[in-house]
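In what follows, a single structure is set out as structure tokens and then discussed.
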Amino acid sequence: MNKELLILGIETSCDETAVAIVKNGKEILANVVSSQIESHKRFGGVVPEIASRHHVEQITYVLEQAMEQAAVSWDEISAIAVTEGPGLVGALLVGVNAAKALAFAKHKPLIGVHHIAGHIYANRLQQEFQFPLLALIVSGGHTELVIMKAHGEYELIGETRDDAAGEAYDKVARMLDLPYPGGPGIDRLAGLGEETIEFPRAWLEEGSYDFSFSGLKSSVTNTIHNAKQRGETLKPEDIAASFQASVVDVLTTKTVRAAKQYNVKQVIVAGGVAANKGLRSSLQQEFANLKIPLQIPPLYLCTDNAAMIAAAGAIAFAQGKRSTLDLNARASMPLK
């Protein structure tokens with residue numbers, strides 16, 4: 001890889017407008033993120049049309065800030081990487097069209113990046129990968145287990161069949177009158193409560209690495225409603241602690257089992273839910289006992305950002321992968 005490989009990354013898949021510049025796939029020169037949380041909080045979730053409009057308003061400013069922060073010129077930029085999908089199609093289109101316009105105007109190679117690949121490669125900004133590795137991806141829309149035997153090679157061994165972990169957190173948070181996004185609020189409450197309610201664990205078929213959190217969400221709903229009908233008062237912090245214990249138990253158990261079965265040299269965690277204190281603590285304890293290296297990115301690299309897209313783009317660039325100006329946003333996109 002060229003010693004001066006500078007990749008400019010653009011990420012607009014959901015409700016963060018982000019631009020970053022990464023050197024050699026590992027060194028962050030700039031990582032600017034404009035969040036829309038306050039705009040969506042009153043709706044209890046992301047409104048696609050509002051998200052798209054915010055991206056249009058912010059993309060130029062964020063781009064200028066990133067270039068200024070990195071103190072580089074366009075002549076020094078090697079290529080432009082952009083989230084191609086999956087995500088909200090209107091939001092994705094803003095980033096994709098901005099990247100195509102820049103690639104055309106500045107005569108730069110264009111690289112479409114899978115959003116989940118970006119989350120995985122956020123870990124390489126902290127530590128080099130050791131193959132084969134196991135990646136646990138936990139975010140608002142994704143809960144997956146992926147085996148990687150080399151850079152850019154992904155074998156999906158488990159995925160969510162209904163609600164992803166992050167979706168379950170947001171839905172349970174609304175039941176507890178917590179603000180969007182629900183993850184941080186439940187994580188905070190769980191630290192104050194006790195596991196007094198035995199919520200179900202969806203293990204699915206024997207040996208399955210798939211996930212399902214819809215039943216857990218329904219169980220929390222029924223528990224809260226039944227308590228109200230009986231005139232009983234449940235402590236919100238105990239509900240949060242019990243709910244989180246169920247989620248963490250399933251995620252940790254299946255990750256540990258997969259790591260053993262596939263004899264991996266490293267386990268990495270990616271996605272917004274990777275910021276959850278309960279999950280981080282559980283995984284750190286289990287893999288310390290197993291003596292398998294565990295990598296969890298710092299909080300600012302768990303949530304959506306463009307540094308992770310640039311990091312994944314650097315690998316794609318080194319492998320000779322390029323996109324044309326026909327590149328389009330893809331709301332659904334397999335990880336290949």
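The values are calculated or read from the model by the stated rules, or taken from the named source; none is laboratory data. Quantities reported herein were computed from a predicted structural model and do not represent experimental measurements. Note: ideal-geometry Cβ built from the backbone for every residue, glycine included; neighbour counts use all protein chains shown. The area values use the complete protein model at the heavy-atom level, side chains included, leaving out ligands, DNA and RNA. Shrake-Rupley method; radii C 1.70, N 1.55, O 1.52, S 1.80 Å.
Tabulated data for the structure shown
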item: Value of Rg/Rh across the chain [Cα atoms, Kirkwood radius]; result: 0.99
item: Protection-proxy order for peptides 111-122, 236-247, 56-67, each taking the mean of Cβ atoms within 10 Å per residue, highest first; result: 111-122, 236-247, 56-67
item: Between helix 165-175 and the chain: long-axis angle, C-alpha atoms, 0 to 90°, nearest 10; result: 50 degrees
item: Cα centre as origin, Lys/Arg/Asp/Glu Cβ charges: the chain dipole, Debye; result: 480 debye
item: Exposure ranking of Leu290, Leu102, Leu299 by accessible area [1.4 Å probe, largest first]; result: Leu299, Leu290, Leu102
item: Rough spin-label spacing in nm, given labels placed 7 Å along Cα→Cβ, for Thr233 and Glu198; result: 2.7 nm
item: Calculated P(r) tail over 19 Å for the range 76-218, as whole % of Cα pairs; result: 66 percent
item: Shape call, the range 1-137: gyration tensor on alpha carbons, a/c limit 1.5; result: oblate
item: The range 193-336 shape via C-alpha gyration tensor axes, a/c threshold 1.5; result: prolate
item: Contour excess over end-to-end distance, with Cα ends at Arg322 and Arg174 and 0.36 nm allotted per residue; result: 49.0 nm
item: In degrees, nearest ten, helix 277-290 long axis to first principal axis of the chain (Cα); result: 90 degrees
item: Helix 307-318 axis, angle to the chain major axis (alpha carbon atoms, nearest 10°); result: 50 degrees
item: Accessible area in square angstrom per residue, the chain, 1.4 angstrom probe; result: 44 Å²
item: Residues listed by number, the range 68-88, amide nitrogen under 19 Å from His107 label point at 7 Å toward C-beta; result: 73-81
item: Cross-link table Lys149/Lys265; Lys217/Lys260; Lys171/Lys254, entries beyond 20 Å C-alpha to C-alpha; result: Lys217/Lys260; Lys171/Lys254
item: Ordering of 26-36, 317-327 by packing [mean C-beta count within 10 Å, highest first]; result: 26-36, 317-327
